[in-house]
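Colleague: The following block contains the structure, expressed as structure tokens.
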Amino acid sequence: MSQKRLYELVYIVSPDATELAITELHTQVESIVTRLNGEMVKTENWGRRRLAYRIGKHREGTYVLEVFNGTGELTKELDRRLKVTDSVIRHLLVRVDEDLKVAERTRARRQADADQRAAKGLPPLGQGRRHTGDDAGDDDRNDRAEV
């Protein structure tokens, strides 16, 4: 059996679709996830927004985010279903568990570095001397080369 991983699905629904149609689409996605032994983590309706560029005849759409745990077969089935759903303008399905692990390792490494600096009596990174802009003699914009 495939390993369960964390995925994010963002899909854009046609602006012609009603709230009821969007809810039905969410119910379909949720039923596919549960039928294929997945688990819904989070659902967010981001609302109606203007698209960055025209997709077909549409200039705006309703964005929906679904976060779920599932397998590769589940993602293939969702991708197949969303491609044939007329009310979905675009969709993007991304695996995010690896990104979360990398972010956690980076956060832990930065915290360890900050703890080491504090133990040595040094200020945290980014807290050193900053340019305040009140050094009137250091303004290089008006400097001219003398010949």
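Colleague: What trypsin sites (Lys or Arg not before Pro) in region 26-65 are in a loop by DSSP, with at most 14 other Cβ atoms within 10 Å of the Cβ?
Modeller: Hits after loop and neighbour filter: 57.
Colleague: Using Cα centres only, tell me the gap between region 14-82 and region 83-100 in whole Å.
Modeller: 7 Å
Colleague: Among 87, 10, 52, whose Cα sits farthest toward the positive end of the charge dipole of region 5-96 (+1 at Cβ of Lys/Arg, -1 at Cβ of Asp/Glu, about the Cα centre)?
Modeller: The one lying farthest along the dipole's positive direction is 52.
Colleague: Under 8 Å for C-alpha pairs, at least 6 residues apart: give me the relative contact order for region 5-96, rounded to a whole percent.
Modeller: 48 percent
Colleague: Here's another thing I want to ask about it. Could you give the length gained by full extension between residue 36 and residue 104, i.e. 0.36 nm per residue of separation minus their alpha carbon distance, to one decimal place?
Modeller: So the extension gain works out to 21.6 nm.
Colleague: Let me ask another. Where nothing but the Cβ of Lys and Arg (+1) and of Asp and Glu (-1) is charged, how large is the charge dipole of region 5-96 around its Cα centre, in debye to the nearest 20?
Modeller: 460 debye
We did not get these values from a lab; they are worked out from the coordinates using the rules stated. Because the structure is a prediction, the values reported are computed rather than measured. Cβ coordinates were reconstructed from backbone atoms using ideal geometry, including for glycine residues, and neighbour counts include every protein chain displayed.
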